[in-house]
Amino acid sequence: MVLDNRHGAFRVPELEIPGSGHGVLHGLTFTVKDVFAVAGHGSSAGNPDWLRSHEPADSHAAAVRRLLDAGAALRGAAHTDELMYSLGGENYHYGTPVNPHGENRIPGGSSSGSAVAVASGSVDFALGTDTGGSVRVPSAYCGVFGYRPSHGAVSLEGVIPLAPAFDTVGWIAGSTELLLKTGRILLGPVDSGGDAQGGENRKKAGDLLGSMDRGDIAQGMENSMEQSSGESVEESGADLRLSQMFFPPEGWALVEQDCADYLRRGLDKLQAGASLQAAEAVVAPEGLKTWMDAFRELQGAEIWATHGEWIGREQPVFGPDIAARFAWAAGLAGADHSPAAMLRSRITQRLRALLGKDGCLVLPTVPGPAPLRGAGPGQLERSRSSAMMLSCLAGLAGLPQVTLPVPGPGGLPLGLSVIGGHGQDLRLLSWIQEVWK
C-alpha cells in the first residue's frame, strides 16, 4: 500500500521495514524522524549536506529495533528541521509539512513530520527526538499526544545527536493507550544490540565537550547527572498512582489571552479524572526567562561541540534562521558557562525534590496555537522563545513530560502538559491513560 503523503510528512515515503510478525505492536505502523538509523537508509537530519557527507546506516537504531521486534512495521522517514535546531517545522531545503488542523499554520518542530504523520492518520505512531521541545511542541500544534521521557530512559544509540546532555528519544501517538503501549516497549531493559550510525557522532561530541574550556560547567552538569544515577524507570507491578498535582503560576501566566479558558477546560477534564491534592507552587523564582536563557546557553555550547567540526569541514548551506542560530552557538565556544550549569543543578534538585515519585506539574505545553506559516524572523524567534520558557523545565531537570491535545480557539489545537518525577515514566503514562478520558 502506498503511504499517504498528502500532508508532506515524509522525506522518504517509500521506506518500508516489516515488523517481526508478532508482538504487542503487531499490525501497527510507525514512522521515524529522519535522524534515526535505519539499515540501508541515509538520514538527512533535515539538511542535504548532512545527507551527502554521511553514509547510509549499517543497522537500525536501538529504538527502531525494539519497535520492529515488538511487531510494528516502519513506514517512511519523516521530515525534521535542519539538524534538529528549531521548533518551527519550516525547512529551507525540503519544505514544510502541512499541519492537518490548519494549512496556514506551522506544524512545529523539529519532529515536524512525525507529528504530521500521526495527526493525518498516515501512521499509528511515530518516533521523534526532543532536546528543547521538539516532540512536545509539534504534538501540541498538531493536536496529538506526545511524550518526552526522563533523560537517559530510552537508548539514543543510532540517533544523530544535537546536545547529548538534553537529547531524548520521544514518541507521538493518537491516543493515551498507544502512547503507553509504545512506552512499555521503549522503556524496557537497555538494548545491547549492534552499533548503528550515530554512535560515532556521540563519541565525537563527548570528546569535543571534554576538550572545551568551559570553566566549571562540567562539574555543574555532573552534579545534575549524578542525581539520576541511582534512579531508574519503575518496575512493572509497582503502584502507578500520582498523589499530588502542582500548578506553576509563572507558566500559566504565559498563556495567550484567548486561549486561557480552553486550557482551563482541559485542566478541569484532567482533574475530573484524577483524585489527588492540587496546589499552586512557584517553581522558578528566578523567572522562566532566566531558566530558558540558561538552557539555551548550555544547549548551544553542546550543539557547537557536537557539530562545529562538521560545519567547519563541510561548509553546509543552512536556511537563514538556522545559520544565525549556529553562528550564535559558535560564539559560545570557550566561554565560562559555570553559572548556567550551576543554575541547572539547583533547578534539577528543586524540581526532583518537589515531585518525588508521585507528584506532577501541570502547565501549558505552549502559550497558544501554532503560529502562521511564513512569519518573519522576529515573529518566529518570539514564538520559539515563549515555547521554550515552558519546555525548559523538563529539559533542565531531565524530567518526563506528556502533552495532551486540547481544542482551542477556532478549532486550532492547544497542548496541556503533565511533568512527572524523574524515572517515573511508566507511572506517568499509566496514570494519564487512566484519567484522561
Filter result (open to solvent by less than 40 Å² (accessible area, probe 1.4 Å) and either part of a loop (DSSP other than H, G, I, E, B) or among the basic types (Lys, Arg) (or both)) within region 239-252: Leu242, Pro248
Answer from Ala278, Ala305 - the residue that is outside any helix (DSSP H, G or I) and either touching a residue at least 24 places away in the same chain (Cβ under 8 Å) or touching a Leu at 6+ places or on another chain (Cβ under 9 Å) (or both): Ala278
The listed residue being at pLDDT below 95 and among the polar types (S, T, N, Q), out of Gln299, Gln277, Gln315: Gln277
Residues within region 152-188 that are open to solvent by 10 Å² or more (accessible area, probe 1.4 Å) and at positive phi, tallied: 1
Any hit, region 253-273, residues being more than 12 Å from Leu393 (Cβ to Cβ), touching a helix residue (DSSP H, G or I) at 6+ places or on another chain (Cβ under 7 Å), of a type in the set (Gly, Ala, Ser) and not in a helix (DSSP H, G or I): no
Scope region 290-309; condition open to solvent by 20 Å² or more (accessible area, probe 1.4 Å) and either among the aromatic types (Phe, Trp, Tyr) or touching a helix residue (DSSP H, G or I) at 6+ places or on another chain (Cβ under 6 Å) (or both); matching residues: Glu297, Trp304
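Which of the residues that make up region 73-97 are closer than 30 Å to Val24 by Cβ and under 21 Å from the mean Cα position of the chain (by Cα)?
At the first step, the residues of region 73-97 found to be closer than 30 Å to Val24 by Cβ are 73-80, 84, 97.
The answer is Leu74, Arg75, Gly76, Ala77, Ala78, His79, Thr80, Met84, Pro97.
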Region 1-24: number of residues that are open to solvent by 50 Å² or more (accessible area, probe 1.4 Å), at pLDDT 95 or above and of a type in the set (Val, Ile, Thr): 1
Count of residues meeting criterion [surrounded by 24 or more Cβ atoms within 10 Å (Cβ to Cβ) and within 21 Å of Val406 (Cβ to Cβ)] in region 104-116: 9
Filter result (farther than 15 Å from Gly109 by Cα and either under 16 Å from the mean Cα position of the chain (by Cα) or aromatic (Phe, Trp, Tyr) (or both)) within region 366-389: Met389
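What number of residues within region 13-30 satisfy the criterion of being small (Gly, Ala, Ser) and under 13 Å from Ala78 (Cα atoms)?
0
On the basis of being in a helix (DSSP H, G or I) and either modelled with pLDDT of 95 or more or among the basic types (Lys, Arg) (or both), does Val64 make the cut?
Against the criterion (in a helix (DSSP H, G or I) and either modelled with pLDDT of 95 or more or among the basic types (Lys, Arg) (or both)), Val64 qualifies.
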Residue match in region 42-59 (condition: among the hydrophobic types (A, V, I, L, M, F, W, C), surrounded by 24 or more Cβ atoms within 10 Å (Cβ to Cβ) and either touching a His at 6+ places or on another chain (Cβ under 7 Å) or on the phi < 0 side of the Ramachandran plot (or both)): no
Test: Ser139 is modelled with pLDDT of 95 or more, in contact with a Lys or Arg (Cβ under 9 Å, 6 or more places away or on another chain), more than 21 Å from Pro320 (Cβ to Cβ) and among the small types (Gly, Ala, Ser): no
So Leu127, is it touching a strand residue (DSSP E or B) at 6+ places or on another chain (Cβ under 9 Å) and either in a loop (DSSP other than H, G, I, E, B) or of a type in the set (Lys, Arg) (or both): no
Leading residue by the ranking (nearest to Gly251 (Cα to Cα)) among those in region 414-426 that are in contact with a Pro (Cβ under 9 Å, 6 or more places away or on another chain) and open to solvent by 10 Å² or more (accessible area, probe 1.4 Å): His422
Matching residues in region 326-370 - criterion: being of a type in the set (Lys, Arg) and either buried (at least 23 other Cβ atoms within 10 Å of the Cβ) or closer than 30 Å to Gly410 by Cα (or both): Arg344
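The values are calculated or read from the model by the stated rules, or taken from the named source; none is laboratory data. Because the structure is a prediction, the values reported are computed rather than measured. Please note: Cβ atoms are built from the backbone with ideal geometry, for glycine as well, and neighbour counts cover all protein chains shown. Surface accessibility is based on the protein's heavy atoms, side chains included, excluding ligands, DNA and RNA. Shrake-Rupley method; radii C 1.70, N 1.55, O 1.52, S 1.80 Å.
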